[in-house]
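> Quick one: structure below, then a few questions.
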Amino acid sequence: MELSAALEEIEKAENLEALQGVKVRYLGRNGLLTQAMKTLGQLPLEERRERGRVLNEWKGTIEKALEEREAALRARALEERLSRESVDVTLPGYAFPSGGLHLTSLILGELLRIFRRLGFSVVEGPEVESEYFNFDALNMPEWHPARDMQDTFWVEFRGPTPFTIQGPFGESVNHRGGAVLRTHTSGMQIRYMIAHTPPFRIVVPGRVFRYEETDASHEAMFHQLEGLVVGQGITMADLKGAIEELARGLFGKEGKARFQPTFFPFVEPGVQFAMWWPERGKWLELGGAGMVHPYLFRAVDDYREERGLPRVYEGMTGWAFGMGVERLAILRYGIPDIRYFYQNRLSFLRQFRG
Ligand code: FA5
(Lines give C-alpha, C1' and ligand atoms only; values in the text may rest on other atoms or scores of the structure.)
Protein backbone atom coordinates (compact mmCIF):
# COMPACT_ATOMS: atom_id res chain seq x y z
CA MET A 1 0.00 0.00 0.00
CA GLU A 2 0.96 3.63 -0.48
CA LEU A 3 0.55 6.41 2.03
CA SER A 4 -0.05 9.03 -0.64
CA ALA A 5 -2.93 6.98 -2.08
CA ALA A 6 -4.54 6.71 1.32
CA LEU A 7 -4.22 10.44 1.98
CA GLU A 8 -5.60 11.24 -1.42
CA GLU A 9 -8.63 9.02 -0.86
CA ILE A 10 -9.25 10.69 2.48
CA GLU A 11 -9.08 14.11 0.90
CA LYS A 12 -11.52 13.06 -1.80
CA ALA A 13 -14.14 11.59 0.54
CA GLU A 14 -17.11 13.92 0.13
CA ASN A 15 -19.17 12.79 3.08
CA LEU A 16 -18.90 10.93 6.37
CA GLU A 17 -20.07 7.69 4.87
CA ALA A 18 -17.38 7.72 2.18
CA LEU A 19 -14.81 8.65 4.80
CA GLN A 20 -15.83 5.70 6.93
CA GLY A 21 -15.34 3.50 3.82
CA VAL A 22 -11.77 4.76 3.45
CA LYS A 23 -11.10 4.16 7.12
CA VAL A 24 -12.24 0.56 6.84
CA ARG A 25 -10.28 0.10 3.65
CA TYR A 26 -6.99 0.97 5.38
CA LEU A 27 -7.43 0.47 9.10
CA GLY A 28 -10.23 -2.12 9.26
CA ARG A 29 -9.56 -5.71 10.36
CA ASN A 30 -8.76 -6.67 6.76
CA GLY A 31 -7.63 -3.20 5.78
CA LEU A 32 -4.56 -2.60 3.63
CA LEU A 33 -2.44 -1.19 6.45
CA THR A 34 -3.53 -3.89 8.85
CA GLN A 35 -2.62 -6.54 6.27
CA ALA A 36 0.74 -4.93 5.69
CA MET A 37 1.40 -5.00 9.43
CA LYS A 38 0.46 -8.65 9.60
CA THR A 39 3.12 -9.54 7.05
CA LEU A 40 5.86 -7.88 9.09
CA GLY A 41 6.62 -11.12 10.82
CA GLN A 42 7.83 -12.71 7.63
CA LEU A 43 10.57 -10.11 7.13
CA PRO A 44 14.15 -10.44 8.36
CA LEU A 45 14.72 -8.64 11.66
CA GLU A 46 16.46 -5.47 10.38
CA GLU A 47 13.90 -4.89 7.65
CA ARG A 48 11.05 -5.73 9.95
CA ARG A 49 12.10 -3.03 12.40
CA GLU A 50 12.43 -0.37 9.71
CA ARG A 51 9.22 -1.38 7.95
CA GLY A 52 7.36 -1.54 11.26
CA ARG A 53 8.44 1.99 12.11
CA VAL A 54 7.26 3.28 8.74
CA LEU A 55 3.94 1.51 8.92
CA ASN A 56 3.30 2.85 12.42
CA GLU A 57 4.08 6.34 11.24
CA TRP A 58 1.67 5.87 8.33
CA LYS A 59 -0.96 4.67 10.69
CA GLY A 60 -0.62 7.80 12.81
CA THR A 61 -0.66 10.02 9.73
CA ILE A 62 -3.75 8.29 8.32
CA GLU A 63 -5.60 8.50 11.62
CA LYS A 64 -4.82 12.17 11.93
CA ALA A 65 -5.90 12.82 8.34
CA LEU A 66 -9.16 10.93 8.95
CA GLU A 67 -9.86 12.98 12.04
CA GLU A 68 -9.20 16.25 10.29
CA ARG A 69 -11.30 15.31 7.32
CA GLU A 70 -14.14 14.20 9.57
CA ALA A 71 -14.08 17.50 11.44
CA ALA A 72 -14.08 19.40 8.16
CA LEU A 73 -16.98 17.36 6.77
CA ARG A 74 -18.99 17.84 9.95
CA ALA A 75 -18.40 21.56 9.94
CA ARG A 76 -19.44 21.74 6.31
CA ALA A 77 -22.61 19.70 6.95
CA LEU A 78 -23.56 21.97 9.83
CA GLU A 79 -22.96 25.07 7.77
CA GLU A 80 -25.08 23.69 4.96
CA ARG A 81 -27.88 22.83 7.35
CA LEU A 82 -27.79 26.25 8.95
CA SER A 83 -28.03 28.04 5.64
CA ARG A 84 -30.74 25.66 4.41
CA GLU A 85 -32.82 25.88 7.58
CA SER A 86 -32.50 29.54 8.23
CA VAL A 87 -35.32 30.92 10.34
CA ASP A 88 -37.76 33.15 8.57
CA VAL A 89 -38.73 35.50 11.36
CA THR A 90 -41.48 37.00 9.24
CA LEU A 91 -43.52 33.74 9.27
CA PRO A 92 -46.53 33.68 11.61
CA GLY A 93 -45.94 31.75 14.87
CA TYR A 94 -47.54 28.46 15.84
CA ALA A 95 -50.66 28.77 17.95
CA PHE A 96 -50.10 26.30 20.79
CA PRO A 97 -53.38 24.82 21.97
CA SER A 98 -54.01 25.95 25.52
CA GLY A 99 -56.27 24.14 27.97
CA GLY A 100 -59.14 25.68 29.83
CA LEU A 101 -61.43 24.96 32.72
CA HIS A 102 -64.33 22.59 32.18
CA LEU A 103 -67.80 24.11 32.10
CA THR A 104 -68.65 22.46 35.44
CA SER A 105 -65.55 23.96 37.08
CA LEU A 106 -66.41 27.38 35.67
CA ILE A 107 -69.93 27.35 37.11
CA LEU A 108 -68.74 25.91 40.42
CA GLY A 109 -66.06 28.59 40.62
CA GLU A 110 -68.71 31.25 40.10
CA LEU A 111 -70.97 29.76 42.78
CA LEU A 112 -68.13 29.45 45.29
CA ARG A 113 -67.04 33.05 44.71
CA ILE A 114 -70.55 34.24 45.57
CA PHE A 115 -70.70 32.17 48.77
CA ARG A 116 -67.20 33.09 49.88
CA ARG A 117 -68.23 36.71 49.61
CA LEU A 118 -71.14 35.91 51.98
CA GLY A 119 -68.68 34.47 54.51
CA PHE A 120 -69.10 30.75 53.79
CA SER A 121 -66.21 28.28 54.07
CA VAL A 122 -65.77 25.65 51.36
CA VAL A 123 -65.37 22.03 52.50
CA GLU A 124 -65.37 18.70 50.68
CA GLY A 125 -66.33 15.15 51.58
CA PRO A 126 -65.75 11.57 50.40
CA GLU A 127 -67.43 10.19 47.28
CA VAL A 128 -67.58 6.66 48.66
CA GLU A 129 -69.81 7.18 51.64
CA SER A 130 -71.22 5.15 54.46
CA GLU A 131 -74.93 4.33 54.27
CA TYR A 132 -75.22 5.99 57.66
CA PHE A 133 -74.03 9.44 56.54
CA ASN A 134 -75.71 9.31 53.14
CA PHE A 135 -79.09 8.13 54.46
CA ASP A 136 -79.72 7.08 58.08
CA ALA A 137 -78.38 10.15 59.87
CA LEU A 138 -80.35 12.27 57.39
CA ASN A 139 -83.58 10.77 58.68
CA MET A 140 -83.80 8.29 55.82
CA PRO A 141 -83.85 4.85 57.48
CA GLU A 142 -83.73 1.73 55.38
CA TRP A 143 -87.48 1.23 55.41
CA HIS A 144 -88.36 4.83 54.53
CA PRO A 145 -90.00 5.35 51.13
CA ALA A 146 -87.89 8.51 50.65
CA ARG A 147 -84.92 6.24 49.96
CA ASP A 148 -86.57 5.39 46.66
CA MET A 149 -86.16 9.02 45.59
CA GLN A 150 -82.48 8.39 45.01
CA ASP A 151 -81.43 5.27 43.13
CA THR A 152 -78.18 4.17 44.62
CA PHE A 153 -74.94 2.54 43.55
CA TRP A 154 -73.97 0.16 46.35
CA VAL A 155 -70.29 -0.56 46.79
CA GLU A 156 -68.80 -3.89 47.75
CA PHE A 157 -65.11 -4.20 48.54
CA ARG A 158 -63.44 -7.31 47.27
CA GLY A 159 -59.78 -6.29 47.32
CA PRO A 160 -57.13 -8.08 49.39
CA THR A 161 -56.89 -5.22 51.89
CA PRO A 162 -59.94 -4.39 53.99
CA PHE A 163 -61.44 -1.03 53.03
CA THR A 164 -62.32 1.45 55.71
CA ILE A 165 -64.79 4.30 55.42
CA GLN A 166 -63.62 6.92 57.86
CA GLY A 167 -65.78 9.15 60.00
CA PRO A 168 -65.10 12.84 60.71
CA PHE A 169 -62.30 11.98 63.15
CA GLY A 170 -60.65 9.30 61.00
CA GLU A 171 -62.47 6.52 62.90
CA SER A 172 -63.83 3.51 61.02
CA VAL A 173 -67.57 3.68 60.41
CA ASN A 174 -67.79 0.35 58.60
CA HIS A 175 -70.23 -0.93 61.23
CA ARG A 176 -72.74 1.80 60.37
CA GLY A 177 -74.32 0.13 57.35
CA GLY A 178 -73.08 -0.55 53.85
CA ALA A 179 -71.11 1.65 51.48
CA VAL A 180 -72.55 3.72 48.64
CA LEU A 181 -71.40 6.15 46.00
CA ARG A 182 -72.93 9.23 47.61
CA THR A 183 -76.24 10.14 46.02
CA HIS A 184 -76.06 13.75 47.24
CA THR A 185 -73.71 16.06 49.11
CA SER A 186 -76.05 16.21 52.12
CA GLY A 187 -74.04 13.57 54.01
CA MET A 188 -71.45 16.28 54.58
CA GLN A 189 -73.99 18.16 56.71
CA ILE A 190 -73.72 15.35 59.25
CA ARG A 191 -69.97 14.89 58.99
CA TYR A 192 -69.31 18.59 59.39
CA MET A 193 -71.74 19.09 62.25
CA ILE A 194 -70.25 16.18 64.21
CA ALA A 195 -66.78 17.68 64.08
CA HIS A 196 -67.66 21.36 64.62
CA THR A 197 -69.37 23.56 67.13
CA PRO A 198 -71.91 26.05 65.78
CA PRO A 199 -72.25 28.74 64.56
CA PHE A 200 -70.88 28.08 61.06
CA ARG A 201 -71.63 28.59 57.38
CA ILE A 202 -70.34 26.10 54.82
CA VAL A 203 -70.80 25.14 51.20
CA VAL A 204 -69.85 21.69 49.90
CA PRO A 205 -69.20 21.23 46.19
CA GLY A 206 -68.85 17.68 44.92
CA ARG A 207 -69.53 14.81 42.59
CA VAL A 208 -72.55 12.61 43.26
CA PHE A 209 -73.83 9.42 41.66
CA ARG A 210 -77.23 7.94 40.94
CA TYR A 211 -78.16 4.65 39.40
CA GLU A 212 -80.46 6.33 36.94
CA GLU A 213 -81.46 5.92 33.35
CA THR A 214 -79.76 8.91 31.68
CA ASP A 215 -81.64 11.37 29.49
CA ALA A 216 -81.32 15.00 28.43
CA SER A 217 -81.59 16.24 32.02
CA HIS A 218 -80.34 13.22 34.03
CA GLU A 219 -76.81 11.90 34.31
CA ALA A 220 -75.59 9.02 36.49
CA MET A 221 -72.74 11.26 37.68
CA PHE A 222 -73.25 14.96 38.28
CA HIS A 223 -72.32 17.70 40.74
CA GLN A 224 -74.11 19.33 43.59
CA LEU A 225 -73.46 22.29 45.78
CA GLU A 226 -74.66 21.87 49.34
CA GLY A 227 -75.06 24.75 51.75
CA LEU A 228 -75.42 24.58 55.53
CA VAL A 229 -75.82 27.35 58.10
CA VAL A 230 -76.29 26.57 61.79
CA GLY A 231 -76.47 28.89 64.77
CA GLN A 232 -78.78 30.42 67.29
CA GLY A 233 -81.88 32.12 65.91
CA ILE A 234 -81.29 31.19 62.26
CA THR A 235 -84.58 31.32 60.37
CA MET A 236 -86.18 30.62 57.05
CA ALA A 237 -85.82 34.34 56.27
CA ASP A 238 -82.03 33.88 56.33
CA LEU A 239 -82.36 31.03 53.85
CA LYS A 240 -84.50 33.12 51.56
CA GLY A 241 -82.05 36.03 51.82
CA ALA A 242 -79.08 33.83 50.93
CA ILE A 243 -80.80 32.22 47.95
CA GLU A 244 -81.92 35.64 46.73
CA GLU A 245 -78.37 36.91 47.07
CA LEU A 246 -77.25 33.92 45.02
CA ALA A 247 -79.85 34.76 42.36
CA ARG A 248 -78.54 38.34 42.17
CA GLY A 249 -74.93 37.08 42.06
CA LEU A 250 -75.79 34.81 39.13
CA PHE A 251 -78.33 36.86 37.22
CA GLY A 252 -77.65 40.46 38.22
CA LYS A 253 -79.86 43.05 39.91
CA GLU A 254 -83.05 41.54 38.50
CA GLY A 255 -82.28 38.08 39.91
CA LYS A 256 -84.83 36.80 42.43
CA ALA A 257 -85.85 33.48 43.98
CA ARG A 258 -89.11 31.57 44.39
CA PHE A 259 -89.83 28.88 47.00
CA GLN A 260 -92.43 26.11 46.77
CA PRO A 261 -93.18 23.58 49.50
CA THR A 262 -91.87 20.06 49.04
CA PHE A 263 -90.64 17.12 51.09
CA PHE A 264 -87.12 16.05 52.03
CA PRO A 265 -86.76 13.91 55.18
CA PHE A 266 -83.80 15.98 56.43
CA VAL A 267 -85.54 19.39 56.44
CA GLU A 268 -88.75 20.72 57.96
CA PRO A 269 -90.26 22.68 56.38
CA GLY A 270 -88.84 21.72 52.99
CA VAL A 271 -88.88 23.73 49.79
CA GLN A 272 -87.73 23.54 46.24
CA PHE A 273 -86.39 26.78 44.91
CA ALA A 274 -86.28 28.36 41.51
CA MET A 275 -84.54 31.46 40.24
CA TRP A 276 -85.73 34.14 37.90
CA TRP A 277 -83.84 34.20 34.65
CA PRO A 278 -84.25 37.74 33.30
CA GLU A 279 -82.97 37.08 29.77
CA ARG A 280 -85.50 34.34 29.14
CA GLY A 281 -88.26 35.70 31.35
CA LYS A 282 -88.83 32.44 33.21
CA TRP A 283 -88.22 30.52 36.47
CA LEU A 284 -85.47 27.89 36.73
CA GLU A 285 -85.84 24.97 39.16
CA LEU A 286 -82.47 24.62 40.84
CA GLY A 287 -82.61 22.54 43.98
CA GLY A 288 -84.05 21.69 47.37
CA ALA A 289 -83.71 23.48 50.70
CA GLY A 290 -85.28 23.91 54.11
CA MET A 291 -84.75 24.19 57.85
CA VAL A 292 -82.49 21.47 59.27
CA HIS A 293 -84.72 18.74 60.75
CA PRO A 294 -84.32 18.34 64.54
CA TYR A 295 -83.67 14.62 63.94
CA LEU A 296 -80.29 15.55 62.40
CA PHE A 297 -79.24 17.63 65.42
CA ARG A 298 -80.12 14.72 67.71
CA ALA A 299 -78.26 12.18 65.53
CA VAL A 300 -75.20 14.43 65.45
CA ASP A 301 -75.24 15.04 69.21
CA ASP A 302 -75.66 11.27 69.82
CA TYR A 303 -72.63 10.58 67.67
CA ARG A 304 -70.64 13.22 69.54
CA GLU A 305 -71.75 11.85 72.90
CA GLU A 306 -70.65 8.33 71.92
CA ARG A 307 -67.18 9.77 71.41
CA GLY A 308 -67.20 11.63 74.69
CA LEU A 309 -67.87 15.06 73.15
CA PRO A 310 -70.44 17.50 74.56
CA ARG A 311 -73.87 17.86 72.96
CA VAL A 312 -73.87 21.28 71.27
CA TYR A 313 -76.92 21.33 69.01
CA GLU A 314 -79.71 21.71 71.54
CA GLY A 315 -81.38 25.08 70.97
CA MET A 316 -79.74 25.52 67.58
CA THR A 317 -81.52 26.07 64.29
CA GLY A 318 -80.20 26.05 60.75
CA TRP A 319 -80.96 25.78 57.11
CA ALA A 320 -79.56 23.76 54.23
CA PHE A 321 -79.85 23.63 50.50
CA GLY A 322 -78.62 21.36 47.69
CA MET A 323 -78.54 22.30 44.04
CA GLY A 324 -77.56 20.69 40.75
CA VAL A 325 -74.52 22.36 39.21
CA GLU A 326 -74.96 21.03 35.67
CA ARG A 327 -78.64 21.96 35.72
CA LEU A 328 -77.69 25.56 36.43
CA ALA A 329 -75.21 25.55 33.53
CA ILE A 330 -77.80 23.95 31.23
CA LEU A 331 -80.39 26.56 31.99
CA ARG A 332 -77.95 29.40 31.87
CA TYR A 333 -76.40 28.53 28.50
CA GLY A 334 -79.34 26.74 26.92
CA ILE A 335 -77.44 23.43 26.63
CA PRO A 336 -79.81 20.88 25.10
CA ASP A 337 -78.48 17.71 26.76
CA ILE A 338 -76.69 17.07 30.08
CA ARG A 339 -74.83 14.14 28.50
CA TYR A 340 -72.70 16.62 26.51
CA PHE A 341 -70.88 17.55 29.72
CA TYR A 342 -68.83 14.39 30.08
CA GLN A 343 -68.51 13.10 26.53
CA ASN A 344 -65.27 15.06 26.17
CA ARG A 345 -66.20 16.44 22.78
CA LEU A 346 -63.87 19.42 22.38
CA SER A 347 -66.12 21.31 20.00
CA PHE A 348 -68.67 21.46 22.82
CA LEU A 349 -66.27 22.19 25.68
CA ARG A 350 -64.34 24.91 23.82
CA GLN A 351 -67.40 27.09 23.70
CA PHE A 352 -67.18 27.62 27.46
CA ARG A 353 -63.45 27.95 27.96
CA GLY A 354 -62.63 30.17 30.91
C1 FA5 B 1 -81.21 16.35 46.91
O2 FA5 B 1 -80.27 15.70 46.45
C3 FA5 B 1 -81.17 16.91 48.30
N4 FA5 B 1 -80.03 16.41 48.99
C5 FA5 B 1 -81.15 18.45 48.19
C6 FA5 B 1 -81.35 19.12 49.50
C7 FA5 B 1 -80.26 19.50 50.27
C8 FA5 B 1 -82.63 19.42 49.98
C9 FA5 B 1 -80.42 20.15 51.49
C10 FA5 B 1 -82.81 20.03 51.19
C11 FA5 B 1 -81.72 20.42 51.96
P12 FA5 B 1 -82.62 16.21 44.70
O13 FA5 B 1 -82.59 14.73 44.58
O14 FA5 B 1 -83.84 16.92 44.30
O15 FA5 B 1 -82.33 16.64 46.22
O16 FA5 B 1 -81.39 16.79 43.88
C17 FA5 B 1 -81.01 18.15 43.97
C18 FA5 B 1 -80.70 18.73 42.59
O19 FA5 B 1 -79.73 17.91 41.95
C20 FA5 B 1 -81.89 18.72 41.66
O21 FA5 B 1 -82.69 19.86 41.83
C22 FA5 B 1 -81.22 18.75 40.30
O23 FA5 B 1 -80.82 20.07 40.00
C24 FA5 B 1 -79.98 17.92 40.54
N25 FA5 B 1 -80.14 16.53 40.05
C26 FA5 B 1 -80.83 15.53 40.63
N27 FA5 B 1 -80.71 14.39 39.91
C28 FA5 B 1 -79.96 14.68 38.84
C29 FA5 B 1 -79.46 13.92 37.72
N30 FA5 B 1 -79.71 12.62 37.57
N31 FA5 B 1 -78.69 14.55 36.81
C32 FA5 B 1 -78.39 15.87 36.96
N33 FA5 B 1 -78.80 16.63 37.98
C34 FA5 B 1 -79.58 16.05 38.92
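> Filter the GluC sites (Glu not before Pro) in region 106-158 down to the DSSP loop ones having no more than 10 other Cβ atoms within 10 Å, then list what survives. Before the final figure, lay out each step's value.
Details: sites: Glu110, Glu124, Glu127, Glu129, Glu131, Glu142, Glu156; in loops: Glu124, Glu127, Glu142, Glu156.
Filter output for region 106-158: Glu142, Glu156.
> Whose amide H sits under 5 Å from the amide H of Glu127, counting only residues 5 or more places off or on another chain, with H placed in the peptide plane?
The answer is none.
> Given the options Arg81, Arg117, Arg280, state which has the largest fluctuation in a GNM of the chain using a 10 Å cut-off (strictly under) for Cα springs.
In this elastic network of the chain, the residue with the biggest mean-square fluctuation among Arg81, Arg117, Arg280 is Arg81.
> Let me ask you something else. In whole Å, what three semi-axes, largest first, describe the equivalent ellipsoid of region 190-233 built from its Cα gyration tensor (square root of 5 times each eigenvalue)?
Numbers: eigenvalues 186, 21, 11 Å².
Ellipsoid half-lengths, sorted descending, are 31, 10, 7 Å.
> Now for a separate question. Give me the number: length gained by fully extending Leu91 to Ala216, i.e. 0.36 nm times residue separation minus the C-alpha to C-alpha distance, one decimal in nm.
Numbers: separation 125, 0.36 × 125 = 45.00 nm, distance 4.63 nm.
Extending this stretch completely gives an extra 40.4 nm.
> In addition: Any chance you could give the angle, 0 to 90 degrees and rounded to 10, that helix 103-117 forms with the longest Cα principal axis of the chain?
Its long axis makes an angle of about 50 degrees.
> Add +1 for every Lys or Arg and -1 for every Asp or Glu among the other residues with Cβ under 12 Å from the Cβ of Pro265, and state the total.
Details: positive: Arg147; negative: Asp136, Asp148, Glu268.
With Lys, Arg at +1 and Asp, Glu at -1, the neighbours total -2.
> Using only the alpha-carbon atoms, how far is helix 236-251 inclined from the longest principal axis of the chain? Give it as 0 to 90 degrees, nearest 10.
40
> Going out from 0 in 10 Å bins, what whole percent of all Cα-Cα distances in region 206-263 drops into each bin?
17, 31, 38, 13, 0
> With a 1.4 Å probe and every protein chain left in place, work out the accessible area per residue of the chain in Å², rounded to a whole number.
Working: 20010 Å² over 354 residues.
The answer is 57 Å² per residue.
> I would also like to ask the following. Excluding residues on the same chain fewer than 8 positions from Lys23, give the lysines whose Cα lies under 22 Å from its Cα.
In chain and number order, the partners are Lys12, Lys38, Lys59, Lys64.
> From the square roots a ≥ b ≥ c of the eigenvalues of the alpha-carbon gyration tensor of region 179-334, which class results: rounded (a/c under 1.5), prolate (a/b over b/c), or oblate? Walk me through the numbers before you get to the answer.
Numbers: a/c = 2.46, a/b = 1.48, b/c = 1.67.
Taking the square roots of the gyration eigenvalues as a ≥ b ≥ c, region 179-334 is oblate.
> Multiply the residue gap between Arg49 and Arg25 by 0.36 nm, knock off their C-alpha separation, and tell me the result in nm, one decimal place.
Details: separation 24, 0.36 × 24 = 8.64 nm, distance 2.42 nm.
Full extension from Arg49 to Arg25 adds 6.2 nm.
> Another question, then. Which whole number in µm²/s is D for the chain by Stokes-Einstein, with the Kirkwood Rh taken over Cα pairs at 20 °C and 1.002 mPa s?
Values: Rh = 26.7 Å.
Rounded to a whole number, D works out at 80 µm²/s.
> Output wanted: per-residue J couplings in Hz (rounded whole) for region 56-71, from phi through Karplus 6.51 cos²θ - 1.76 cosθ + 1.60, θ = phi - 60°, x for Gly and Pro.
Going residue by residue, I get 4, 4, 4, 4, x, 4, 5, 4, 5, 4, 4, 4, 5, 5, 4, 4 Hz, with x marking Gly and Pro.
> Taking loop as defined by DSSP and a crowding limit of 16 other beta carbons within 10 Å, which GluC sites (Glu not before Pro) in region 163-253 fit? Mind showing how you got there, number by number?
Details: sites: Glu171, Glu212, Glu213, Glu219, Glu226, Glu244, Glu245; in loops: Glu171, Glu212, Glu213, Glu219.
Those satisfying the criteria are Glu171, Glu212, Glu213.
> In nm, give the distance between the simple-model label positions of Leu101 and Arg248, each being 7 Å from the Cα along the Cα-to-Cβ direction.
Output for this residue pair reads 2.3 nm.
> Using amide H atoms built in the peptide plane, which far-off residues or other-chain residues are under 5 Å from Val208 H to H?
The answer is Phe222, His223, Gln224.
> Further question: When a/c reaches 1.5 or more, the comparison of a/b and b/c decides; with that in mind, is region 3-81 rounded, prolate or oblate per its Cα gyration tensor? The partial results should precede the final answer.
Working: a/c = 3.85, a/b = 2.69, b/c = 1.43.
Prolate is the answer for region 3-81, as a/c is 1.5 or above and a/b outweighs b/c.
> Can you work out the Karplus-derived ³J(HN,Hα) for every residue in region 322-335? Use 6.51 cos²θ - 1.76 cosθ + 1.60 with θ = phi - 60°, whole Hz, and x for glycine or proline.
x, 10, x, 6, 5, 4, 4, 4, 4, 5, 5, 9, x, 6
> Roughly speaking, what is the centre-to-centre gap between region 63-107 and region 222-248 when only Cα atoms are used, to the nearest Å?
When both Cα centres are located, 58 Å separates them.
> Over the C-alpha atoms of region 244-354, what are the Rg and the largest Cα-to-Cα span, Dmax, in Å?
For region 244-354, the Cα radius of gyration and maximum Cα-Cα distance read 18.9, 56 Å.
> Can you classify region 242-298 as rounded, prolate or oblate using the Cα gyration tensor, where a ≥ b ≥ c are the square roots of its eigenvalues, rounded means a/c under 1.5, and otherwise it's prolate if a/b beats b/c and oblate if not?
Details: a/c = 4.29, a/b = 2.34, b/c = 1.84.
The shape class here is prolate.
> While we're looking at this one, here's another question. Carbon-plus-sulfur fraction of the accessible area of region 177-290, 1.4 Å probe, in percent? Mind dumping the intermediate values first?
Values: 2310 of 4620 Å².
Solvent-exposed carbon and sulfur of region 177-290 make up 50 percent of the total.
> Amide H to amide H, which residues 5 or more places from Gly287 or on other chains are under 5 Å from it, using H placed in the peptide plane?
Answer set, sorted by chain and number: Phe273.
> Taking θ as phi - 60°, what are the ³J(HN,Hα) couplings along region 227-235 by the Karplus curve (6.51, -1.76, 1.60), each to the nearest whole Hz, with x for Gly and Pro?
Using θ = phi - 60°, the values come out as x, 8, 10, 10, x, 8, x, 6, 10 Hz.
The values are calculated or read from the model by the stated rules, or taken from the named source; none is laboratory data. On a predicted model such as this, the values are computed, not experimentally measured, just so you know. Because the Cβ atoms are built from the backbone with ideal geometry, glycine has one as well, and the counts that use them run over all protein chains shown. Keep in mind that these areas ignore ligands, DNA and RNA; they rest on the heavy atoms of the full protein, side chains included. Shrake-Rupley method; radii C 1.70, N 1.55, O 1.52, S 1.80 Å.
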